[in-house]
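The values are calculated or read from the model by the stated rules, or taken from the named source; none is laboratory data. All figures in this text were calculated on a predicted structure; none of them were measured in a lab. Here the Cβ positions follow ideal geometry from the backbone for every residue, glycine too, while neighbour counts run over all protein chains shown.
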Amino acid sequence: MTHHSHEPNALEPADAHVADGLRIARPVPAAAFRGRLGRHLAERDPGYGPRPERLRMIVAGYVGAGGLLIALAAVLFS
């Protein structure tokens, strides 16, 4: 991976050093905790697992209906 200094979010060397230190020192929960948390969430919410079938179609339907309502409101109140 190459580093380009003209990137809009590129950090100054001193800031990059601090960011690297924070990234390395970031606490990560233990594997046992993550496992317990996953089991707890699965018990509390059965929908925590895989996504439903045709999720994109469901989302597209909601977005389309919302867009239609916004367009209807724009026509009625203009």
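Here GLY21 qualifies as part of a helix (DSSP H, G or I), at pLDDT below 90 and surrounded by 10 or more Cβ atoms within 10 Å (Cβ to Cβ).
May I ask you to list pairs of residues, at least six apart or on different chains, whose Cβ atoms are under 7 Å apart, with the first in the stretch 58-78 being in contact (Cβ under 8 Å) with a residue 24 or more places away in the chain and surrounded by 10 or more Cβ atoms within 10 Å (Cβ to Cβ) and the second being among the polar types (S, T, N, Q) and not in a helix (DSSP H, G or I)? Close Cβ pairs (under 7 Å, with a partner that is among the polar types (S, T, N, Q) and not in a helix (DSSP H, G or I)) do not exist here.
The set of residues from the stretch 24-38 being loosely packed, with under 10 Cβ neighbours inside 10 Å and either acidic (Asp, Glu) or assigned to a helix (DSSP H, G or I) (or both) comprises ILE24, ALA25, ALA31, ALA32.
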